[in-house]
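Peer 1: Quick one: the structure is below, and I'll ask about it shortly.
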Amino acid sequence: MTASQPSNNSVLIPRDQHTISRRNISINALKVMQRLNQSDFQAYLVGGAVRDMMLDKQPKDFDVATDATPEQIRKVFKNSRIIGRRFRIVHIRFGREIIEVTTFRGSHDNADENDKHQSSANDHGMLLRDNVFGTVEEDAQRRDFTVNSFYYSSQNFAVYDFADGLKDIEDKKIRLIGDPSTRYKEDPVRMLRALRFCAKLDFELEQETGAAIGENAALLDKIPAARLFDESLKLFISGQGEKTLELLQQHDLAQYLIANHKLFSDDPVWSKLLQQALYNTDQRLAIGKSITPAFLYAVFLWPSLKEQMAILATEGMPVTPALHAAAHQVIGMQMLKTSIPKRFQATMKEIWEMQLRLPKIQGNHPLKLLEHPRFRAAYDFLLLREDAGEIEAGLGQWWTDFQKEHPIPPKVYTPRGDDSQGDDSDNPRRRRNHKRKPRNGNR
Ligand code: ATP
Ligand code: MG
């Protein structure tokens, strides 16, 4: 049996007029679409996967949209579970790969009485619940940007462009669907996503999409800290961190993600430290080296930490307890903006503590430090501080030479066998499935 196709042909891009080839689509995503179609449901590949393939890029994951409700999807796939409350979706697991399946969302204005409880907004227009289902055409209007609103059918191999995204792909524009201010108010995270896609795709913000950021920026304060942490990882450790931070600063949004006023002052040392840390992270990712978010957060909070430590020192507190007290304080401030999982907090503190220990190069102290699981991260951190001009250069070179003279067998040197920023037990790219999905879906 064949599920119905949208009737409006004006939005159809036939297979010979787009660049998407089945060969680049995950076999599991194709299976999901096929099984849904066989059960007489509509199913399309949507979101970033279609966008990236339209741009001749290989997608990192595959999302499917359907008219089947979450419960109906569950019945078709045993290997699935419903996740999210605010935005209910279904994850279908195939080994290490998860295909995210979303039921078409409908317009909240037309929600009938039965649907009303599935849709709610607060006084600012922010959607607290977005589980009103609708047609594929309505779903397309509920998506964020025009370039994220293509639907690929594995039945006729056509792409449906209901939101006029093709023109924006050609013009390299990120444009919100609908009235920008209303859409940002519904979900302020869309402001961050807009900048992320600009950096990732090397696109520009369409004028009104950019202009509406200023007046809505403060709404980011209302987003739960856990969601902002997930979003921060996508912003800073997806390979375009340096460019993304530049855009965040241009639009005055970095302050909603990082609790460190000193970092955003005009101080050239802190600007360099921050920029270089993100540049290094991008470089590591480009050549497939592991990274840990803890390293970046250690950098983000370092200027504040130092400031706090200096205050505590004037009160007579010795340096190590001052570091612990200051760490507690600055991490606490950061947690008001984004959560930071405990394991990352522990690594950040170790990197900071090591900055007090690395200058102690007498006796057998250096050999012991070399074996510390965070030595490598702490050494990288030290080099960064020297590069930025925070401290005089010299100690970094001493440690570089010392490591050459004392090569440590790999087993001791890096317990998990590479030269990651410290060991990589806290690296989400290693620790978890290669596809990491936020716990509450993506909205
Ligand atoms: P990425 O390459 O980062 O995966 P993506 O576009 O696939 O980019 P996802 O977060 O995976 O982004 O979301 C999948 C799709 O769901 C998006 O392309 C978009 O159509 C829709 N979407 C996600 N988040 C939102 C949101 N906050 N508001 C509206 N639509 C959204
Ligand atoms: Mg995606």
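The values are calculated or read from the model by the stated rules, or taken from the named source; none is laboratory data. Values in this document were obtained by computation on a predicted structure and should not be read as measured data. As a convention, Cβ positions derive from the backbone with ideal geometry for all residues, glycine included, and neighbour counts pool all protein chains shown. What goes into the accessible areas is simple: the full protein's heavy atoms, side chains included, and nothing from ligands, DNA or RNA. Shrake-Rupley method; radii C 1.70, N 1.55, O 1.52, S 1.80 Å.
Peer 1: Take the conditions within 12 Å of ligand 1 (Cβ to nearest atom) and surrounded by fewer than 21 Cβ atoms within 10 Å (Cβ to Cβ) and apply them to Q155. Does it pass?
Peer 2: It is false that Q155 is within 12 Å of ligand 1 (Cβ to nearest atom) and surrounded by fewer than 21 Cβ atoms within 10 Å (Cβ to Cβ).
Peer 1: Does region 130-161 hold any residues that are outside any loop (DSSP other than H, G, I, E, B) and charged (D, E, K, R), and which are they?
Peer 2: Residues satisfying the conditions are D130, E137, E138, D139, R142, D161.
Peer 1: In region 380-390, is there at least one residue being under 20 Å from A313 (Cβ atoms), open to solvent by 10 Å² or more (accessible area, probe 1.4 Å) and part of a helix (DSSP H, G or I)? Reasoning before the result, please.
Peer 2: Just the residues of region 380-390 that are under 20 Å from A313 (Cβ atoms), to begin with: 385, 390.
Checking which are open to solvent by 10 Å² or more (accessible area, probe 1.4 Å) leaves us with 385, 390.
This time we only want the ones that are part of a helix (DSSP H, G or I), so: 385.
For region 380-390, residues under 20 Å from A313 (Cβ atoms), open to solvent by 10 Å² or more (accessible area, probe 1.4 Å) and part of a helix (DSSP H, G or I): present.
A quick yes/no check of all residues on (1) surrounded by fewer than 19 Cβ atoms within 10 Å (Cβ to Cβ); (2) among the hydrophobic types (A, V, I, L, M, F, W, C); (3) outside the structural domain of A378 (by TED's automatic domain parsing):
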site: L285; (1), (2), (3): yes, yes, no
site: I291; (1), (2), (3): no, yes, no
site: A298; (1), (2), (3): no, yes, no
site: W302; (1), (2), (3): no, yes, no
site: E315; (1), (2), (3): yes, no, no
site: T320; (1), (2), (3): yes, no, no
site: L323; (1), (2), (3): no, yes, no
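Peer 1: If you check L30, L36, L55, which single one turns out to be hydrophobic (A, V, I, L, M, F, W, C), more than 16 Å from ligand 1 (Cβ to nearest atom) and surrounded by fewer than 21 Cβ atoms within 10 Å (Cβ to Cβ)?
Peer 2: L30
Peer 1: So how many residues does region 111-153 have that are modelled with pLDDT under 95 and polar (S, T, N, Q)?
Peer 2: 6
Peer 1: Please name all residue pairs, on different chains or six or more residues apart, with Cβ atoms under 6 Å, provided the first residue is in region 360-371 and is outside any loop (DSSP other than H, G, I, E, B) and the second residue is among the hydrophobic types (A, V, I, L, M, F, W, C).
Peer 2: Going by the 6 Å Cβ cut-off, the qualifying pairs are P366/F402; L369/F375; L370/I408.
Peer 1: In region 58-90, which residues are away from ligand 1 (no atom under 11 Å from the Cβ) and charged (D, E, K, R)?
Peer 2: D67, E71, R74, K75, K78, R81, R85, R88 - these are the residues of region 58-90 that are away from ligand 1 (no atom under 11 Å from the Cβ) and charged (D, E, K, R).
Peer 1: Looking only at region 201-253, how many residues end up being farther than 25 Å from K289 by Cα, outside any helix (DSSP H, G or I) and open to solvent by 20 Å² or more (accessible area, probe 1.4 Å)?
Peer 2: Count: 6.
Peer 1: Now for a separate question. Quick check on region 33-67: of everything there that is assigned to a helix (DSSP H, G or I) and charged (D, E, K, R), which residue is farthest from ligand 2 (Cβ to nearest atom)? Please lay out each step first, then the result.
Peer 2: Pass one, region 33-67, residues assigned to a helix (DSSP H, G or I): 33-38, 48-54.
Filter again for charged (D, E, K, R), leaving 35, 51-52.
Values: R35: 20, R51: 9, D52: 9 Å.
If we take residues in region 33-67 being assigned to a helix (DSSP H, G or I) and charged (D, E, K, R), then R35 is farthest from ligand 2 (Cβ to nearest atom).
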